[in-house]
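Peer 1: There's a structure below that I have some questions on.
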Amino acid sequence: MMKPEYVTILPDERNVNYADDPLWQRIYAYSPDNEDFAIPFSRKLAVTEDWTRRFTLLAIAEYKRFVYLCCISQNGASPSIVVDKVWHMHLLYTVEYWEKFCPLVLGRNLHHYPNVGGIVEYNKHQDWYLETLKLYLLIFKENPPPDFWRIPNDILPHLLDKRDAISSQNSKKSLYNKITGIIIRRFQFLSNIRLIPGKERKKSV
């Protein structure tokens, strides 16, 4: 909920190949789990939301994608409920967020504009959310994973054909799976911490 006015989201042409973009590379390399924290970010997020460790790390990966979309679009992007929960938790780490993540990783401030309620506001955010999903498809060349993004009926005509999506993933060796795999391995230093019990909770807007 990041966009004060509705304007169709269009990326800068140079950002279409996101993997080569230095901004994406910084976002991807960034870890919110500062070793100086008594309770690592991912651990606190998992406990607060009752998510498994794997679901939490994948949610953080989607949050990073959302942040990238916010930065490259003309007027921001709107998160899913899962992504918004990650963002809210990140904002609670105020020094980390405002003094490290925003200036050093993003090179700008990224403010959170909440939904103030009402049917007009609801419809406005629905429009923004649809535009965000279209941008997601354009930039990442993948369908937004439904475990982390609600897929409204209006976006169905824009989704990648299943066969095309499989072909694209095979040709690129599934860049997303590589990214999430590396993220999971990067957090191995937390492996001695008790895992969250129960099945992975799948949440969507």
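The values are calculated or read from the model by the stated rules, or taken from the named source; none is laboratory data. Values in this document were obtained by computation on a predicted structure and should not be read as measured data. Heads up, the Cβs are rebuilt from the backbone with ideal geometry, glycines too, and the neighbour counts pull from every protein chain shown.
This table checks each residue for (1) touching a Ser or Thr at 6+ places or on another chain (Cβ under 9 Å); (2) at pLDDT 90 or above.
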site: Tyr93; (1), (2): no, yes
site: Glu96; (1), (2): no, yes
site: Leu104; (1), (2): no, yes
site: Val120; (1), (2): no, no
site: His125; (1), (2): yes, no
site: Tyr136; (1), (2): no, yes
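Peer 1: Hey, any hits in the range 42-52 for a residue that's within 17 Å of Thr132 (Cα to Cα), in contact (Cβ under 8 Å) with a residue 24 or more places away in the chain and of a type in the set (Phe, Trp, Tyr)?
Peer 2: No, the range 42-52 contains no residue that is within 17 Å of Thr132 (Cα to Cα), in contact (Cβ under 8 Å) with a residue 24 or more places away in the chain and of a type in the set (Phe, Trp, Tyr).
Peer 1: Which residues, taken from the range 1-30, are modelled with pLDDT under 95, among the hydroxyl-bearing types (Ser, Thr, Tyr) and surrounded by fewer than 17 Cβ atoms within 10 Å (Cβ to Cβ)?
Peer 2: Result: Tyr6, Thr8.
Peer 1: Here's another thing I want to ask about it. I'd like the residue in the range 31-48 that is of a type in the set (Ser, Thr, Tyr) and surrounded by fewer than 15 Cβ atoms within 10 Å (Cβ to Cβ) and, out of all such residues, is nearest to Phe101 (Cα to Cα).
Peer 2: Restricting to residues being of a type in the set (Ser, Thr, Tyr) and surrounded by fewer than 15 Cβ atoms within 10 Å (Cβ to Cβ), the top hit is Ser31.
Peer 1: Would you pick out the residues in the range 52-86 that are of a type in the set (Asp, Glu) and within 21 Å of Leu104 (Cα to Cα)?
Peer 2: Answer for the range 52-86, where residues must be of a type in the set (Asp, Glu) and within 21 Å of Leu104 (Cα to Cα): just Glu62.
Peer 1: Let me ask something else about it. How about the range 54-92: which of its residues are of a type in the set (Gly, Ala, Ser) and either assigned to a helix (DSSP H, G or I) or over 12 Å from the mean Cα position of the chain (by Cα) (or both)?
Peer 2: The answer is Ala59, Ala61, Ser73, Gly76.
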